[in-house]
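See structure below.
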Amino acid sequence: MKNTSAAAPHTAAPPLRARLQGVSLQGTPILGALDLNIAPAQWTAIVGPNGAGKSTLLRAVAGLLPLQGHVELFGRPLQQWDPKARARTLAWLGQNEHSSDELKAYEVVMLGRLPHQAWLAGPSAEDHAAVAQAMRQTQSWDWRERPLGQLSGGERQRVLLARALAVQAQLLLMDEPLAHLDPPHQADWLQLVRALAAQGVAVISVLHELNMALQADSLVVMQGGQVRCHGAPEQPETRAALQDVFDHRLHLIEVQGQWLALPFAGATPSQPRPQSATPGSNVLPLKSTHRQP
C-alpha cells in the first residue's frame with residue numbers, strides 16, 4: 001500500500017503525550033491521574049474491563065472532552081494547534097458514529113478530506129484519489145454510490161473507517177473500530193493497521209477483542225480510570241496486568257509466538273481463584289503443543 005499520509009511535523013517528540021490529573025463527566029470522576037506516551041510508527045491498543053475509562057481516555061486526548069492536565073500532539077500543546085492543521089494531523093473514528101443516511105458512501109468518505117480543502121472550494125483531484133484509495137483499502141468501493149442508510153452495520157463501519165483513512169493523518173485514533181465487522185474483515189483491518197504503522201503512522205485503538213489487541217505493538221491496560229500497565233504484549237508484566245484487571249478469568253496461551261486470550265467460567269471476585277501450576281503466578285501455564293514445520 002502506497003504511503004500517502006501527510007508528512008509528520010519535523011520533531012523528535014512523540015506523536016501523543018498526555019499528563020492528566022483527571023477527567024469528569026457531568027461531575028462524576030471517570031479518569032484519575034495518568035501519564036501516556038505514544039511511540040511513532042506503532043499500533044497501540046487500549047484494553048480493560050467495561051467502565052475502565054478506555055473510551056473516555058481516547059476522547060480526552062483527542063481534544064473531544066474537557067480535562068485537567070496537558071496533552072501534546074507532536075510536542076505541541078493540543079490547544080495551540082490551528083483546528084484545520086490539527087484535523088489534518090489527527091484522524092478520529094468514534095464509537096457508534098452517526099452520519100446522514102441520505103449521503104452516498106462516497107460523499108461520507110469525502111468528508112475526511114475537508115481539512116485539506118480551502119473554504120468553499122470543491123474537492124481536488126488529490127481529494128478524489130485519497131477517497132478512492134481509502135474505500136478500496138476498506139473494500140467499500142463497490143457501494144460508493146449507495147446511500148449510507150441502505151448499508152448493513154458492517155458495511156457502514158467500513159465506510160466510516162474509510163473516512164478516517166482519507167484524512168491521511170499521522171495519528172489515527174479509533175474507538176471500537178471492529179464493531180459490526182465479521183472475522184475476515186477484522187483480519188483485513190489488522191493488515192491495514194500494520195501497514196499504516198509500517199508507513200510511520202501512529203495508531204491508537206480501543207478494543208474489546210483481546211486476541212486482536214494482543215497483536216498490537218503495545219498494550220495500555222486500564223482499570224478504574226487508571227493505566228495499570230503500558231507495555232508490549234510479550235512482556236510478562238503486561239500479561240500479568242491483563243490477567244489482574246479481568247479477575248484472572250483468562251487463559252493466556254502462546255501459539256507460534258502469538259499470545260491468545262481464552263476466557264473461562266472460573267473464579268469470580270467473590271469466589272476463590274484457581275491455583276496456578278506456576279508458583280507465584282496467576283497465569284495458567286497453558287502452551288500450544290503445535291510444532292512449526
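Would you calculate the separation in nanometres between label points at residue 247 and residue 21, each defined as 7 Å from the Cα along the Cα-to-beta-carbon direction?
The two pseudo-label positions are separated by 3.5 nm.
Using each residue's phi in the stretch 12-25, evaluate 6.51 cos²θ - 1.76 cosθ + 1.60 at θ = phi - 60° and report the 3J(HN,Hα) Karplus result to the nearest Hz, with x for Gly and Pro.
My calculation for the stretch 12-25 gives 8, 5, x, x, 9, 9, 10, 10, 9, 8, x, 9, 10, 10 Hz in order.
Two decimals is fine: what's Rg over Rh for the stretch 67-129, C-alpha atoms, Kirkwood radius as Rh?
1.04
Find how much the distance from residue 124 to residue 37 grows on full extension, using 0.36 nm per residue of separation minus their present alpha carbon separation; answer in nm with one decimal.
Once the chain is fully extended between residue 124 and residue 37, it gains 27.8 nm.
Just one of [x] 19.1; [y] 16.4; [z] 18.3 is mean projected area of the Cα convex hull in nm² calculated from these coordinates, so which is it?
Looking at mean projected area of the Cα convex hull in nm² for this model, the match is [z].
Where Lys and Arg each count +1 and Asp and Glu each count -1, what net charge lies around residue 143 among other residues with Cβ under 11 Å from its Cβ?
+2
May I ask you to give the average projected area over all directions of the convex hull of the Cα atoms of the stretch 28-77, in nm² rounded to one decimal?
4.1 nm²
Can you work out the FRET efficiency for the pair residue 235 and residue 152, with r the C-beta to C-beta distance and R0 = 35 Å, to the nearest 0.05?
It comes to 0.35.
Per DSSP helix of 4 or more residues, -39500 (n - 2.57); summed, then divided by the residues of the chain. What does that give at 222 nm, rounded to the nearest 500?
-7500 deg cm²/dmol
Give me the net charge of residue 181's neighbourhood, meaning all other residues with Cβ under 12 Å from the Cβ of residue 181; Lys, Arg count +1, Asp, Glu -1.
-3
Within 10 Å, count the other beta carbons around each residue, average over each peptide in 139-146, 258-265, 163-170, and list them highest first.
So the order, starting with the most tightly packed, is 163-170, 139-146, 258-265.
Tell me, what is the 1.4 Å probe accessible area of residue 30, in Å² to the nearest 10?
In the full protein context, residue 30 sits at about 50 Å².
The values are calculated or read from the model by the stated rules, or taken from the named source; none is laboratory data. Just so we're clear, the structure is a prediction, and the values are computed from it rather than from any experiment. As a convention, Cβ positions derive from the backbone with ideal geometry for all residues, glycine included, and neighbour counts pool all protein chains shown. Protein only, heavy atoms only, side chains kept; ligands, DNA and RNA dropped before computing areas. Shrake-Rupley method; radii C 1.70, N 1.55, O 1.52, S 1.80 Å.
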